[in-house]
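Accompanying notes for the structure given below.
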Amino acid sequence: MRKNNKILLYVLLALLFIGLIMYAPYLLIILLFIIIGIIILIHSRKKSNKSYILNENTSYIDANGYKRDNIKHSNLTHRNIAYYDIYIKNRDKYPLPFSKYQIHHKDHNKLNNNTENLELLTKEEHEAIHKKK
């Protein structure tokens, strides 16, 4: 829970306590503030699927362990590297559109996005590799 959210929750609880003791007619307004605070807390938790941020403006590690970039299109770092350094440079070797390929990390380290570690595979090829384990 973020520090600001905790402070907000404590303030709302204090308002509820004061309202119960001194201002019973305003109880509905205080309850409304509490409900708004709870909605804010729930909303902030849903958005927090990032495991940890590497650089606030450029990239982070998602809940699945993949590095993502803060860009508008596909933000999976390994897909961007594979697209520009493998797919585009060797276009004649890949007859399918890039979206039909999956990117395999040869060493199974999701954070190792070196071109030598990435391999473009069809879904079937990729599943076959991971079924061998």
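From S99, S44, S51, which residue is of a type in the set (G, A, S) and modelled with pLDDT of 85 or more?
Of S99, S44, S51, the one residue that is of a type in the set (G, A, S) and modelled with pLDDT of 85 or more is S99.
Identify all residues within the range 79-103 that are in contact with a helix residue (DSSP H, G or I) (Cβ under 7 Å, 6 or more places away or on another chain) and touching a residue at least 24 places away in the same chain (Cβ under 8 Å); write none if there are none.
Result: I81, D85, I86, Y87, Y94, Q102, I103.
Of the conditions (1) buried (at least 16 other Cβ atoms within 10 Å of the Cβ); (2) at pLDDT 90 or above; (3) not in a strand (DSSP E or B), E127 satisfies every one except a single condition; which number is it?
E127 satisfies every listed condition except (1).
Would you pick out the residues in the range 87-110 that are among the hydrophobic types (A, V, I, L, M, F, W, C) and surrounded by 13 or more Cβ atoms within 10 Å (Cβ to Cβ)?
Scanning the range 87-110 gives F98, I103.
Please list, ordered by first then second residue, the pairs with beta carbon atoms under 7 Å, 6 or more apart or interchain, first in the range 104-133 and within 15 Å of N80 (Cβ to Cβ) and in contact (Cβ under 8 Å) with a residue 40 or more places away in the chain, second part of a helix (DSSP H, G or I) and not acidic (D, E).
From residues that are within 15 Å of N80 (Cβ to Cβ) and in contact (Cβ under 8 Å) with a residue 40 or more places away in the chain, the pairs are N113/T77; N113/H78; N113/I81; L118/H78; L118/I81; L118/A82; L118/I86.
The values are calculated or read from the model by the stated rules, or taken from the named source; none is laboratory data. Only a predicted model underlies this, so the values are computations on that prediction, with no experimental measurement involved. Methodologically, a virtual Cβ is constructed for each residue, glycine included, from the backbone with ideal geometry; neighbour enumeration extends over all protein chains shown.
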